[in-house]
1. For the range B:258-267, in order, what is each residue's ³J(HN,Hα) by Karplus, 6.51 cos²θ - 1.76 cosθ + 1.60 with θ = phi - 60°, in whole Hz (x at glycine and Pro)?
2. So what is the diffusion coefficient of the protein assembly as shown in µm² per second by Stokes-Einstein at 4 °C and 1.567 mPa s, using a Kirkwood Rh over Cα pairs?
3. Put +1 on the Cβ of each Lys and Arg and -1 on the Cβ of each Asp and Glu in chain A; which of A:GLY321, A:SER258, A:VAL308 then has its Cα farthest toward the positive end of the dipole?
4. By a straight-distance test (C-alpha under 13 Å), which aspartates and glutamates pair with A:LYS299 as possible cross-link partners, with residues fewer than eight away in the same chain excluded?
5. Using alpha carbons only, what's the Rg to Rh ratio of chain B with Rh from Kirkwood?
6. Once the principal axes of the Cα atoms of chain A are found, what is the range along each, listed largest first in whole angstroms?
7. Label points 7 Å out from Cα along the Cβ direction at A:THR193 and A:ASN378: separation in nm?
8. ³J(HN,Hα) across the range B:118-127 via Karplus (A = 6.51, B = -1.76, C = 1.60, θ = phi - 60°), whole Hz, x for Gly/Pro?
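Nothing in this text is a laboratory measurement; each read-out follows from the coordinates by a stated rule. Computed from a prediction, not measured in an experiment: that's the story for all the values here. With ideal geometry, Cβ positions are generated from the backbone for all residues, glycine too; neighbour counts draw on all protein chains shown.
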Amino acid sequence: MTITNHRAARNGPLRQVTELTRTTPGVLGALALLLVVVGVTAGVFTAVSVQRRAQALADLATRSGPLSVAAQEIYRSLSDADATASGAFLAGGLEPPAVRARYEQDIAQASNALAIAVAAREPADVTAPGSPLTTLSGQLPVYTGLVETARVNNRQGLPLGIAYQREASTLMRTQLLPAAQQLYDDEVGRVSTDQNRAGEFPFTELLLGLAVLGVLVVAQVYVRRRTNRVFNVGLVAATGAAVISLVWVSVAAFSVISSVDDSRIDGSIQVDVLARARIATLQARTDETLTLVARGTGKVYEDDFDQVSMSLTGLLNEAMGKVTDGAVSTRVASARANTEAWLRAHEELRKQDDGGNYAAAVRLAIETVPDGTSTAFNKLDTDLREAIGQTRAAFNARIRDASDALGGTVVVVSLLAAVVAVGATAGLWQRLKEYR
Amino acid sequence: MRLALISAAVVTVLTGLAGCTSSTGTTTIPSVTAAVPKPANAADLTAPPSAAVQECGDKLASLRPLNPMPKPGAMPGGSTMEKIVQRGKLIVGVDQNTYNVGFRNPFTGDIQGFDIDMARSIAAALFGDPDAIQLRAVTSDQRIPMLKSGEVDIVVRTMTITCDRLVDVNFSAVYYEAQQQVLVKKNSGFTGMDSLGGKRVCATKSSTSLRNIANAPSKPIGVSVSDWTDCLVMLQQGQVDAVSTDDVILAGMAAQDKYTEVVGSSVAAEPYGMAIPKQNVDFVRFVNGVLEQVRANGTWKDSYGRWLDGLIPGPPPAPPVPRYKD
């Protein structure tokens, strides 16, 4: 440094730098500085990039993944609660204890899943106008209030009860279920976004790694020309560290990408199709119940049943085409068989109702008789629940694989970046000392 | 100096990265307004329903009954009645929402009431079995379309005989004479339709009551719903100030809610008839024959006593006197 001091007194700083780069020690110094900056920057950015990937995987495992399950659970339990509460009005008298228990269980499940969904969001998300969470948390107590009013009136033998139940059902169908559907769609969107984040091609990591190697190569070529020494230990060590870092990061990133791909194929894509099938199942069940409640003028519900059951069949076929696991395949096959059984039972139920045998139709709909629709519906719902559970487990396993692949990468990358900086500086410092 | 530069550069890079962690904001808790639930299809009336008060002579004069009446199960060949008997069930459009007239009994799940008794007497006359009947719950606005499409044989559902309905369907002789009145909450201060100017008054869609509300001189705001009980729900929830329809329907509501009362004088006379598809003239005559029997053999009186006597003030009325044109 001392050699430049007397010049610096006479010349401006720009001139000073230009002069400096013409001298070998100047170039060596600049290279050392460049290597430290590039090496540290690359290390920091790579670590940050890997950390971001790890964060996306953590989100998939602990936030968006579980939340999409919670959203689906909200839809399922609300829909089932409404079908159950409306169905309680099909038979005369008080609802059987099992029906009441099922309704209460559904509401408990819905409130709990809703609390989880709300807790995971920022307050601003929840309070935003038109947020599905606002609708759900605001209207669910109103819904349960109406259902209880309906029960109280029913208990007193007043037809007013069923009018309150109809109002509750309208609230469910026009506000709560659409909000639950929107929430589910949002959460599925988040899962997909997180998968994209986790499975991004590692452009930053590769470019930075190559840049470090490039600068190291230039430095070594220069040092060799100026000093006639083939190897500079510091620079070689730095190069070795840079290569290891690049390979490590690449291997980790590509195995994450592969695992995230698997998490789609074995997990989320199938879960989504199955979840939509389950939602269709619940819609069809509600339609079937409301057709009977309407007692002869439920054509609008019956038409909806036809439409929804058709899309249910389509979704199950789609699911069959995407299945990658034997156990799930068995479940989906069973779901298809149970759907057929349900549709057959439903046809018989409609025949009874249209033929004026309302009581027989109601029995098919609510009692657990072998050829009844409720039997087939419950079996179908179990199949779908199990299939969704199994594919969810596969999804979680793949995400865990991906997280494992990244394990320790941040630490390794940071250490290797330090080695690059220290090695390069030490190597060049050795040469620089010769000019003192 | 150079070391200082390097460390400065590193520090800058690091702080730049650290700056990525988000800034904190304050969330204000917005005040939300409670959304009031409404029955399905509840709507404020924007324009009064088409007041098709056509002139049609004596609208209450129906077709003369068959004489002699055929015996149950032995209907004349080719008649509407024979077709119904062959099918095995009389399909009747009824109400499942009007307490003690046509309502679903919560204890049994069966549809019962004064209208249902009337419908069952027709089934009894056709089949010899009052249970050879399929009851289909229809809303007010579904009555005429379902008769026209032939989905029901007859509608027995608190249906007022009017000239514009006679364009689409035929009516039996009058089987009940109702009066449109007003149901309000007790102590609300409302005394009748005259005191309800600018207030919200509920009735079912396509009912004569709704038209009468819209055309009342005091200018109340009409609110339409699908079923009569929906009106009581809205009254209880404070979404309407009154319900206005036939005394017999209002009596059923007042019986379900002791905090309500029927007030005021009659807004309009509402003579009920059973509606039958236009072309089934023979069935109209048959039904009128059944109504003659029902009046004569005490069935009408018994049914009134069973369902309506306690609800409607005053002594039980005599059955309406039928009027016939040919």
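1. Computed from phi, the couplings for the range B:258-267 are 6, 8, 10, 8, 8, 10, x, 8, 4, 7 Hz.
2. Details: Rh = 32.0 Å.
It diffuses with D of about 40 µm²/s by this estimate.
3. Value: A:SER258.
4. A:ASP287, A:GLU288, A:ASP353, A:ASP354, B:GLU151
5. On the way: Rg = 29.2 Å, Rh = 22.2 Å.
Rounded to two decimals, Rg/Rh equals 1.31.
6. Here the Cα extents, ordered largest to smallest, are 109, 45, 31 Å.
7. Each label point is offset 7 Å from its Cα along the Cβ direction, giving 4.1 nm.
8. Those phi angles translate into 4, 4, 5, 5, 5, 4, 4, 5, 7, 10 Hz.
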